[in-house]
1. Considering only residues that are closer than 24 Å to G523 by Cβ and either open to solvent by 40 Å² or more (accessible area, probe 1.4 Å) or touching a Ser or Thr at 6+ places or on another chain (Cβ under 6 Å) (or both), which ones fall in the range 594-628?
2. What pairs come out if I take residues in the range 73-84 that are polar (S, T, N, Q) and pair them with residues that are part of a strand (DSSP E or B) and open to solvent by less than 20 Å² (accessible area, probe 1.4 Å) whose C-beta lies under 8 Å away, six or more apart or interchain?
3. I'd like the residue in the range 195-214 that is surrounded by fewer than 16 Cβ atoms within 10 Å (Cβ to Cβ) and either touching a Phe, Trp or Tyr at 6+ places or on another chain (Cβ under 9 Å) or small (G, A, S) (or both) and, out of all such residues, is nearest to L174 (Cα to Cα).
4. Across the range 248-281, what is the number of residues that are open to solvent by less than 50 Å² (accessible area, probe 1.4 Å) and touching a helix residue (DSSP H, G or I) at 6+ places or on another chain (Cβ under 9 Å)?
5. Looking at (1) under 47 Å from the mean Cα position of the chain (by Cα); (2) farther than 15 Å from D470 by Cα; (3) open to solvent by 50 Å² or more (accessible area, probe 1.4 Å), can you tell me which one L433 breaks?
6. Out of the residues in the range 99-122 that are under 22 Å from L196 (Cα atoms), outside any strand (DSSP E or B) and in contact with a Gly (Cβ under 7 Å, 6 or more places away or on another chain), which is least open to solvent (accessible area, probe 1.4 Å)?
7. On the basis of being open to solvent by less than 50 Å² (accessible area, probe 1.4 Å), at pLDDT below 90 and in contact with a strand residue (DSSP E or B) (Cβ under 7 Å, 6 or more places away or on another chain), does V70 make the cut?
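The values are calculated or read from the model by the stated rules, or taken from the named source; none is laboratory data. Every value quoted in this text rests on a predicted model; they were computed, and no experiment measured them. Cβ sites come from the backbone with ideal geometry, for glycine too, and all protein chains shown count toward neighbours. Heavy atoms of the whole protein, side chains included, go into the accessibility calculation; ligands, DNA and RNA do not. Shrake-Rupley method; radii C 1.70, N 1.55, O 1.52, S 1.80 Å.
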Amino acid sequence: MLVLGLPIILLFLVMAAYGGFRVHQAPAASTARTAVAIEDIAPGPGEPPLHVIGEGPMLRVLQIDRGEKVVGKDPSTGEAVTLTAQEVDAAGADKYVIQRYGYAAGVTKTISLTFDDGPHPISTPQLLDVLSTERVPATFFITGSMAVQHPELIQRMTREGHAVGNHTLTHADLNGISAFRAREELVVTDRIIRSLTGQATTSFRLPYGGTADEEVIRNTLGILRAQQLGYHLSSYDFETLDWSHGSGEARAEAADIPLPEFDGRNLTVLMHDGGADNRAATVEYVKNRLIPAARAAGYTFQTMPQIQPALRDSTQTITPSIWDRATVAVAQLVYVWPNRLMHFLFVFALAIVGLIGVLNTSLAIARRRSRARYDTNLPVLPVSIIIAAYNEEKVIRRTVETLLNSTYPFLELVVVDDGSTDGTAVEIETMMLHDPRIRLVSQPNRGKWAALNNGTAQARGDILVTLDADTIFTPDTVANLVRQFASDPDGRLGAVAGVVRVGNRERNLLTRWQGLEYLTQIGIERSAYAQLGAVPIIPGACAAWRKAAVLEVGGYSHATLAEDCDLTLSLHQAHWRVSQDDQALAYTEAPDHIDALLAQRIRWTFGTLQAIFKHRNMLLRRRYGWLGMAVLPYMMASVLVPIVFLPFIAVMGVLTVQDSGWGVVGLYFLLFLILHLLITAVAVILMRERWTNLLMVPIYRVVHEPLRAYLLYTSAYLAIRGVKLGWNKLQRTGAMDTGLGLQGRDHTAPIPAERQSGVIRSLEEASTK
């Protein structure tokens, strides 16, 4: 109820700011109202209900005045009403009663067709076509929220001689809402009718009404609220229950809708043209059953104001006031433009995602087809491998062992222990006894950026290969990373990214989800960026850097949490080239529980935003090519647009589901799902991955958007507060999929003497450079 009430509150606040409380006043309210309060009339808990007296399709509450002659009085206006002897007897000793009344004297064998809950963009025009063809006038009780969405239908009703009545703004039950909202439901719709039709009417029908005495009594409060504002409550004599006939074939369903008994009495018949997408049975019923049957029985068709004196006398042509038109404008702002904007955003998002997806996929395919073939006799470059380690006792030995199994004759493996409090240093010292290439550099805990800068300063190689302490390289990974530097024609290649995959993907559903994310983002998105020479992030988990380039831009910075993204953008600014090698594979340990995942992604998202903000002078600068003109602006838009519009989309999504069901939202979800499936299929082919990844796509779509929203707003909140986050390193479990087959040799045994001497010679050559 709170969500449904938000538009009403917004509507009132905007109208109040525009026109003060003039728009809050009911146009139909009498200036000669009495002081009788609704609370003094409506029975309280445990009090006997009001009795229902009289006959007719109209309802009102009367005060019984037992003076010289018993009469009824409208408790709001004091207007006297003559009662019949039967009504006086039925009223008994009651002070207040609910009176049925209606048809003008002498009116016989008339039928009024009335339709509730519209206008509907499909059903209402169909009914109007039938009524126009048959020359039958009708009465439409409209909801204001639908009227402002389809004003042309309201104007057509008036133009073709039909009557229009008030059915509240949002089809609210006036008995179960606050007095304030009840007033707005009625007054706003009244002003909408006045503005769209140029007519004033007091005709009003309660949502969720009824004709039985107990139903009328249940609506006592709603009747009083409407009556106090000057509205005449229009009920009905016969309910078709057409709303319950609409799930099958229209002709068959129409045959099941009952006809009223044409016994000569006047009839007011209730049907529906809105409230659901399928009113085909109602249209069929009106056209082929109700109208022919009424005519065959000698009935004439009239609108309710034509045969109800109270409605006839209060229906007149007017010139809409400025407050009437202002109300329509504000109602459109609340009920029309949000739907249009949401529709635009969904279509725009689908188009952008589709366009970007097609472009990225095309570029990734083109990159794969044009991938360079490398000479097998490339020169051997002096390579230093650097690992920044903090409390990595569980995984560091496995990582180092797989590196020592590399096919590339790297110079050294530098492990920078950033003040670990566990046995990380002991593990490295033990392995140093068996391979002289391993070096341990210890420092107080200062953070990953400082550890990497220390390792860079200590490194002897011209090419620096970096990886995380939990990352596993294949035997060819280092060679594949370095070969691009060896074949670099002008020496301006600054960095090469590897391809990171989730090594513990089979752990649980969360790690499988991340496996799919890594596959599509690296296999498609970053491959496309590489084709354009616009890779924005070289991941520290698997990367190679030209040491001269890193030193030129000042190394790793502590200004952001995404030190790898920051360094990559710095290289671009210094006009170093950045690339990716699709065969340089690495396997990393992904978070296997939600808390670890959130901590990691907050650091990533916050750090990336920091890096882009730091390098904001690159945005839309032609000198940075596709990176400045397309990639970075897209990254910024993918952050700013959701931050601005996600709350709106969430609220409108809930309202859409409540109003129209899951159909519209489900359609957009299905379209995004199909698009993601196609992109993932291409990534599977390009990355030579397993087709079972496609099974995760539906789960990915469900998880990704809420997670992304959480990360964006958390990062924005932290940025506004100026909070400084630490390394927030993932706690390692040491779990990797058993099928990787990447275990190195046993490094507890000494290495062969010839290999040891070759390593020593390489170290000596590097030290003399």
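1. Of everything in the range 594-628, those that are closer than 24 Å to G523 by Cβ and either open to solvent by 40 Å² or more (accessible area, probe 1.4 Å) or touching a Ser or Thr at 6+ places or on another chain (Cβ under 6 Å) (or both) turn out to be W604, T605, G607, A611, W626.
2. So the pair list comes out as T82/G72.
3. Selected residue: A212.
4. Here the count works out to 19.
5. Going through (1) under 47 Å from the mean Cα position of the chain (by Cα); (2) farther than 15 Å from D470 by Cα; (3) open to solvent by 50 Å² or more (accessible area, probe 1.4 Å) one by one, L433 breaks only (1).
6. P119
7. yes
Residues checked against (1) charged (D, E, K, R); (2) in contact with a Gly (Cβ under 9 Å, 6 or more places away or on another chain); (3) closer than 18 Å to A163 by Cα:
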site: V269; (1), (2), (3): no, no, yes
site: A280; (1), (2), (3): no, yes, no
site: E284; (1), (2), (3): yes, no, no
site: K287; (1), (2), (3): yes, no, no
site: G298; (1), (2), (3): no, yes, no
site: P309; (1), (2), (3): no, yes, yes
site: S314; (1), (2), (3): no, yes, yes
site: I318; (1), (2), (3): no, yes, yes
site: A326; (1), (2), (3): no, yes, no
